[in-house]
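Take a look at the structure set out below.
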Amino acid sequence: MRLIRYQLKNAAPVFGWILDDKIGRIEGDPFGKYRRMEAEIPLSDVHLLAPVQPSKIVCIGHNYADHIKEREVETPKLPLIFLKPPSSIINPGDMIILPMQSKRVDHEAELVAVIGKRGRRITAENAQNHILGYTIGNDVTARDLQKEDNQWTRGKGFDTFCPFGPWIDTDFDTSDALITCKVSGQPRQMGSTRDMIFNVEAQVAFISSFMTLEPGDLIFTGTPMGIGPLVAGDEVVIEIEGLGKLVNPVAGE
């Protein structure tokens, strides 16, 4: 099932589900008891929003060997963790804004796990029971600022630096899905989820060993090789096989 948050005209945002090109409203929310209404609203009639409002966005760095090689860094012995603030979230289709403080802002195409059940010290064997589903994310990064700072918060945390969506797929298979990124029609990134150094289950286990994961929290699982700069006027299209596309235009501040 594909779950969304959407807005119809000037109404309040609500959860829904997609069947073909129609949307049905969800009474309640996907993290508790809910009821699916009939899918009868045309998808073209609604504004898709970021599909959840997380309490935190946990990201995994240097999780693909080819990306490690292009960054010229060492392979981590444990998952390399950093956070993006919820204020960096934008919706599918919203504008990525290049901040004036940075001279190089990169795209990073990623599979994103969405937590569905609260947990602490979750085992890898039990991790899938705590995952609602998966979506597509772009870990937008001010690369020059990331290199300047010992911590990555500034380079990763600007407003608009966390597009994700357009929906959550509760049945998605993470074992071998192709991740691609095109910028203004030009191929940039291509990799498979099978090439992760730490798989999703290992990530959930490691993160929850020191912090409680809450329903709606996001885990950005790492990016494959091919990161590159964005300029005003670009359009970023990230596609994950079997999951869909995330599209965001780019503008200068």
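For the reader, a short list of remarks on this structure follows.
- Every condition in (1) at pLDDT 95 or above; (2) of a type in the set (A, V, I, L, M, F, W, C); (3) surrounded by 15 or more Cβ atoms within 10 Å (Cβ to Cβ) holds for Met100 except the one numbered (3).
- Test for Phe82: is it surrounded by 15 or more Cβ atoms within 10 Å (Cβ to Cβ), in the same structural domain as Pro215 (by TED's automatic domain parsing), farther than 20 Å from Phe210 by Cβ and among the aromatic types (Phe, Trp, Tyr): no
- Residue within the stretch 61-68 that is in a loop (DSSP other than H, G, I, E, B), surrounded by fewer than 21 Cβ atoms within 10 Å (Cβ to Cβ) and of a type in the set (D, E, K, R) present: no
- Within the stretch 87-110, at least one residue is under 15 Å from Gln203 (Cα atoms) and either in the same structural domain as Thr212 (by TED's automatic domain parsing) or of a type in the set (D, E, K, R) (or both).
- Gly185 vs. criteria surrounded by fewer than 16 Cβ atoms within 10 Å (Cβ to Cβ), closer than 17 Å to Leu246 by Cα and not β-branched (Val, Ile, Thr): yes
- Residues that are within 30 Å of Asp21 (Cβ to Cβ) number at least 3 in the following strands (runs of 3 or more DSSP E) confined to the stretch 97-179: 109-115, 131-138, 162-169.
- The residue list Leu132, Leu111, Leu145 contains one member that is of a type in the set (A, V, I, L, M), within 23 Å of Leu49 (Cβ to Cβ), modelled with pLDDT of 95 or more and over 13 Å from the mean Cα position of the chain (by Cα), which is Leu132.
Matching residues to (1) more than 28 Å from Val231 (Cα to Cα); (2) not hydroxyl-bearing (Ser, Thr, Tyr):
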{"position": "Gln128", "(1), (2)": "yes, yes"}
{"position": "Gln146", "(1), (2)": "no, yes"}
{"position": "Thr153", "(1), (2)": "no, no"}
{"position": "Pro166", "(1), (2)": "no, yes"}
{"position": "Thr174", "(1), (2)": "yes, no"}
{"position": "Ile179", "(1), (2)": "no, yes"}
{"position": "Lys182", "(1), (2)": "no, yes"}
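- Scanning the stretch 78-96 for residues that are within 17 Å of Thr223 (Cα to Cα) and part of a loop (DSSP other than H, G, I, E, B) yields Leu78, Pro79.
- The listed residue being in contact (Cβ under 8 Å) with a residue 24 or more places away in the chain and in contact with a helix residue (DSSP H, G or I) (Cβ under 9 Å, 6 or more places away or on another chain), out of Ile57, Ile23: Ile57
Results for (1) in contact with a strand residue (DSSP E or B) (Cβ under 7 Å, 6 or more places away or on another chain); (2) on the phi > 0 side of the Ramachandran plot; (3) among the hydrophobic types (A, V, I, L, M, F, W, C), shown as yes or no for each residue.
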position: Asp20; (1), (2), (3): no, yes, no
position: Arg25; (1), (2), (3): yes, no, no
position: Glu40; (1), (2), (3): yes, no, no
position: Val46; (1), (2), (3): yes, no, yes
position: Gln53; (1), (2), (3): no, no, no
position: Lys69; (1), (2), (3): no, no, no
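- Any hit, the stretch 211-222, residues being more than 24 Å from Asp171 (Cβ to Cβ) and modelled with pLDDT of 95 or more: yes
The values are calculated or read from the model by the stated rules, or taken from the named source; none is laboratory data. Not measured: the values here are computed from a predicted model. Don't worry about glycine lacking a Cβ; one is built from the backbone with ideal geometry, like all the others, and counts go over all protein chains shown.
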